[in-house]
1. Based on the mean of other beta carbon atoms within 10 Å per residue, what is the order of 93-106, 151-164, most packed first?
2. Which value, in Å to one decimal place, does the Kirkwood hydrodynamic radius take for the chain when every pair of different Cα atoms is included?
3. Please figure out what share of the DSSP beta bridges in the chain is antiparallel and state it in percent, rounded to the nearest 5.
4. Direction-averaged shadow area of the convex hull around the Cα atoms of segment 39-105, nm²?
5. What do you get for the angle between helix 406-418 and the principal long axis of the chain? Use alpha-carbon atoms, 0 to 90 degrees, nearest ten.
6. Given the Cα atoms of segment 146-262, and with Rh set as the inverse mean 1/r over their pairs in the Kirkwood sense, what is Rg to Rh to two decimals?
7. Identify the residues of segment 85-106 with backbone N under 11 Å of a label point that sits 7 angstrom from the Cα of residue 50 along the Cα-to-Cβ direction, or state none.
8. Quickly rank 45-53, 294-302 as a protection proxy: mean count of other C-beta atoms within 10 Å, highest first.
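Values in this text are rule-based calculations from the coordinates and carry no lab data. None of the values given here were measured: they were computed from a predicted structure. Cβ placement follows ideal geometry from the backbone for every residue including glycine, while neighbour counts extend to all protein chains displayed.
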């Protein structure tokens, strides 16, 4: 069909007007950086408030992002709890709208355990707030190394090599240059860590809060969507860190140690107060601890002396002096918290010991609270509710029956917390609130798309409630018993049956771990882990030929129990 020049002009105007009308009327237009596309998984995530999108009221047939997408089924309104299908260039995409902040991390290098590598960081909130920065990124966490969904440590930089750090405030949390992205891969409902940290801060604050109003004994966490090199990695918890700045510990001054901070990173004898290995001030690890503050000087003397006091002092000396060396209120609150959650992975490992300044007592700071509320550190259900978690320090504290001693304070504190903070309704309200927020933003559907082996099970909330009710009933009995009765109550012993031979060993080591799957870590006398293996059920033959001759500590553990033994390499 032939057209005159006049007709061609008219046709062009009609087409132009239709395009303008489509963009203005039946098309949702989203600007960067509020849309996020994974072209491999075919996922589109838009974190722009749906109220602003639905305000126009017209039927939406298209979506204008980096290209024009067409909804398979046109929509009149969109909401965060649903997903939508859209096509572009013969490809079908699943479209999500979310109110969660979104993080983009782009790097040309492979992200490894250490060191941090340079990357570009961008965080966009549905409110319109945007934060962009250079960062260093590395994988964090021992167990995270072997999981498909990694946790990360972020260091904010003012350059591309990390010579100059930069403090940023993210999501109304602290202003700092160090942040963590927690994968929560072993948390079935993606909420155990977050709820536990919120609950701890309801229970406990640092005793010097009036002197340091910004000090916080714990961390805040906020949910975020994460993309790395345009690949959708799922929902994460953006988390503050436990460090000197979070606790407001006194700085190192004129070659004098002021505040102190140590991280329990492994099941060493020092972290559990069950043995006292020698220390070496040229190393930043000892007996399962990592030295964290002060960075200017490593000196294990103070912590060694405290561990020596706990393990070897006479009863008379221990019960007359321990309150001056460790903050009693903190010891009580952490003991309650530890047993309330039944945090089996947090009696020595996965906690911090801190001191505000010279001459002040030590205190505990919780960390890495994923194996809780009836789940173990692997994310599997463990329905045990009738035991008491302890370590060498608490084994002694629990025998203090003096009028103002540990047991008296424990009984009183438990009764006080049970009135409002530690009760089934309050705790489940926190859990249900986070769960509802994730459901309302359709997070669980995206998690399954990002990680094929993940499956959300709503019945797990009923399991947590049932477990929590039984746990509280048990603790009500135990924490209100007299000293003699409580001393006889079931206590978790850090033992697991295993045989290890030959010992002394030369070249190889046979470990028989019975009917349970375990792992073994071998430490040198400074507490540094030099070998680590996963053990099969039954008997395992391990290659130790690379170890120098000398004395080592072998620790075999599973999710519940552990046992250590000396190992000699010839």
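1. Numbers: 93-106: 21.0, 151-164: 16.3.
For the peptides 93-106, 151-164, the packing ranking is 93-106, 151-164.
2. With all distinct Cα pairs of the chain included, I get 26.5 Å.
3. Taking every DSSP beta bridge with both residues in the chain, the antiparallel ones total about 90 percent.
4. 4.8
5. 30
6. Result: Rg/Rh = 1.01.
7. Zone members listed by number: 96-99.
8. Values: 45-53: 17.7, 294-302: 14.6.
Ranked by mean Cβ neighbours within 10 Å, highest first: 45-53, 294-302.
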